[in-house]
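The values are calculated or read from the model by the stated rules, or taken from the named source; none is laboratory data. It should be emphasised that the depicted structure is a prediction, and the values quoted were computed from it without experimental measurement. Please note: Cβ atoms are built from the backbone with ideal geometry, for glycine as well, and neighbour counts cover all protein chains shown.
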């Protein structure tokens with residue numbers, strides 16, 4: 001085989017590889033929520049919720065934090081963001097796709113760990129605890145402390161049916177930050193602080209409706225994908241809270 005023939009075969013192989021790579025089938029996703037600004041290069045329009053986006057589309061991310069939650073019936077929730085290596089789009093599994101069910105707290109520190117950072121408030125919020133190992137009573141309990149119009153407010157967290165919930169007064173007052181404290185009969189006091197994210201119910205209904213319409217077959221999948229979305233794009237929540245919210249708002 002002469003050199004020219006070898007070069008021709010090599011070139012043909014390279015062209016075949018490029019064609020095969022570019023011919024990979026695209027995947028279509030439904031856009032559930034956009035943070036920041038993502039622009040469709042072909043049209044110059046901003047990517048918006050309810051639209052379809054394909055995996056090989058040319059997109060421009062205007063900020064480092066620009067991203068979108070998208071959903072596909074087979075692939076579930078994915079995060080659309082800029083690829084740091086080439087600036088193009090990348091679709092990555094949502095961080096909580098593989099770990100929807102969380103451990104039930106048995107220690108005060110585990111409750112305080114949950115109520116730390118950003119916590120989503122959707123109106124059906126509760127945290128199931130192991131009340132055999134972590135009893136809640138008149139001597140061992142959690143309180144929330146916050147400031148409203150210059151006044152300090154302290155309320156006990158509600159405990160019912162093995163679940164802790166934030167007091168209704170906190171949700172009504174909507175403080176910007178909240179301190180949570182564990183108290184017991186031995187004088188033990190442990191504290192943590194979180195920022196409540198008060199989710200607009202109508203906006204969330206529109207977003208979750210897109211998920212339910214995209215993943216219509218299996219209730220478990222619909223609940224888990226909805227949980228992943230709220231947890232990643234708003235703040236900490238529990239699968240049980242999201243399931244209660246979905247049942248309440250969509251029967």
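Kindly indicate whether any position in the stretch 171-193 is in contact (Cβ under 8 Å) with a residue 24 or more places away in the chain, under 30 Å from residue 222 (Cβ atoms) and assigned by TED's automatic domain parsing to the domain that holds residue 232. Scanning the stretch 171-193 turns up at least one residue that is in contact (Cβ under 8 Å) with a residue 24 or more places away in the chain, under 30 Å from residue 222 (Cβ atoms) and assigned by TED's automatic domain parsing to the domain that holds residue 232. Residue 202 meets all of the listed conditions (1) surrounded by 14 or more Cβ atoms within 10 Å (Cβ to Cβ); (2) in a helix (DSSP H, G or I); (3) free of Cβ contacts under 8 Å to residues at least 24 places away in the same chain but one, namely (1).
Annotation note: Cβ proximity below 7 Å between a residue of the stretch 56-68 that is more than 19 Å from residue 26 (Cα to Cα) and a residue that is at pLDDT below 90 and loosely packed, with under 11 Cβ neighbours inside 10 Å (sequence gap 6+ or interchain) occurs for no pair. Note on the stretch 171-199: residues that are part of a helix (DSSP H, G or I) and under 22 Å from residue 117 (Cβ atoms) total 2. Annotation for the stretch 222-232: no member residue is within 21 Å of residue 72 (Cβ to Cβ), assigned to a loop (DSSP other than H, G, I, E, B), in contact (Cβ under 8 Å) with a residue 24 or more places away in the chain and in the same structural domain as residue 116 (by TED's automatic domain parsing). Within the stretch 109-120, one or more residues are farther than 12 Å from residue 181 by Cα and touching a helix residue (DSSP H, G or I) at 6+ places or on another chain (Cβ under 6 Å).
Consider the stretch 205-225. How many of its residues are out of contact with any strand residue (DSSP E or B) (no Cβ under 9 Å at 6 or more places or on another chain) and surrounded by 13 or more Cβ atoms within 10 Å (Cβ to Cβ)? Break it down stepwise before answering.
Going residue by residue through the stretch 205-225, those that are out of contact with any strand residue (DSSP E or B) (no Cβ under 9 Å at 6 or more places or on another chain) are 205-206, 209, 212, 216-220, 222-223.
After this cut, where a residue has to be surrounded by 13 or more Cβ atoms within 10 Å (Cβ to Cβ) as well, the list is 205-206, 209, 212, 219, 222-223.
The qualifying residues number 7.
State whether one or more residues within the stretch 144-161 are part of a loop (DSSP other than H, G, I, E, B), in the same structural domain as residue 233 (by TED's automatic domain parsing) and farther than 23 Å from residue 248 by Cβ. Yes, because at least one residue in the stretch 144-161 is part of a loop (DSSP other than H, G, I, E, B), in the same structural domain as residue 233 (by TED's automatic domain parsing) and farther than 23 Å from residue 248 by Cβ.
Taking the criterion of being crowded, with 16+ Cβ neighbours inside 10 Å and out of contact with any strand residue (DSSP E or B) (no Cβ under 9 Å at 6 or more places or on another chain), the only residue of the stretch 125-140 that qualifies is 134.
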